[in-house]
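Trainee: Structure provided below as structure tokens; questions to follow.
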Amino acid sequence: QVQLVESGGGLVQPGGSLKLSCAASGSIFSINAMGWYRQAPGKQRELVAIRTGGGGTNYADSLKGRFTISRDNAKNTVNLQMNSLKPEDTAVYYCYADVQSQSRSASGVYWGQGTQVTVSS
């Protein structure tokens, strides 16, 4: 089995910064794409940023220049540095990983439990 655990969420004032972290653990052989989605109240889950296994990166257009994704393949971790935060960034942020497990039956997409980010004055 594979687990994704997020950390770093919290309350921050507009214009502030937060860094989210996600660690994958379990029977992992490799991770292909790994990154972040978010879901605000009443809205659909949306892509924030994804780092592929080959090093490519996809950002939501509205977040380019404010959010930065980084990944450590050796540690099976991914981070999201969030700067210049706005109230509309308030959401539950979910870690995402497409995992190739040491066990064939455990391979597939995994989601973290989510971490709340609230941007408010």
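Trainee: For region 18-121, please report how many Lys pairs fall under 21 Å Cα to Cα, leaving out neighbours fewer than 8 apart on the same chain. Could you put the intermediate results ahead of the total?
Mentor: Values: Lys19/Lys64; Lys19/Lys75; Lys19/Lys86; Lys43/Lys64; Lys43/Lys86; Lys64/Lys86.
Lysine pair count for region 18-121: 6.
Trainee: Here's a follow-up. Just need the relative contact order of region 1-107 here, percent rounded to a whole number, with Cα pairs under 8 Å and 6+ apart. Write down the numbers at each step before the final one.
Mentor: Working: 224 pairs, mean separation 39.6, N = 107.
For region 1-107, the relative contact order is 37 percent.
Trainee: Give me the Kirkwood hydrodynamic radius of the chain in Å, from all C-alpha pairs, to one decimal place? Please list the in-between numbers first.
Mentor: On the way: mean 1/r = 0.0695 Å⁻¹.
Taking every pair of different Cα atoms in the chain, averaging 1/r and inverting gives 14.4 Å.
Trainee: A further question follows. I'd like to compare 79-85, 109-115, 32-38: which one has the highest average count of other Cβ atoms within 10 Å, and what's the full order after that?
Mentor: Working: 79-85: 18.6, 109-115: 16.9, 32-38: 21.7.
In decreasing order of mean packing, 79-85, 109-115, 32-38 become 32-38, 79-85, 109-115.
Trainee: Give the accessible surface of the chain per residue, rounded to a whole number of Å², with probe radius 1.4 Å and ligands, DNA and RNA excluded. Kindly include the intermediate steps, with their values, before the conclusion.
Mentor: On the way: 6300 Å² over 121 residues.
Value returned for the chain: 52 Å² of accessible area per residue.
Trainee: OK, next. Quote to one decimal, in nm, the extra length available between Val109 and Ser7 on full extension: 0.36 nm per residue of separation minus the C-alpha distance between them. Numbers along the way, then the final one.
Mentor: Values: separation 102, 0.36 × 102 = 36.72 nm, distance 1.94 nm.
Gain on stretching Val109 to Ser7: 34.8 nm.
The values are calculated or read from the model by the stated rules, or taken from the named source; none is laboratory data. Keep in mind the model is a prediction, meaning the values are calculated, not measured. All Cβ positions, even for glycine, are placed from backbone atoms using ideal geometry, and neighbour counts span all protein chains on display. Accessible surface areas use protein heavy atoms only, side chains included; no ligands, DNA or RNA. Shrake-Rupley method; radii C 1.70, N 1.55, O 1.52, S 1.80 Å.
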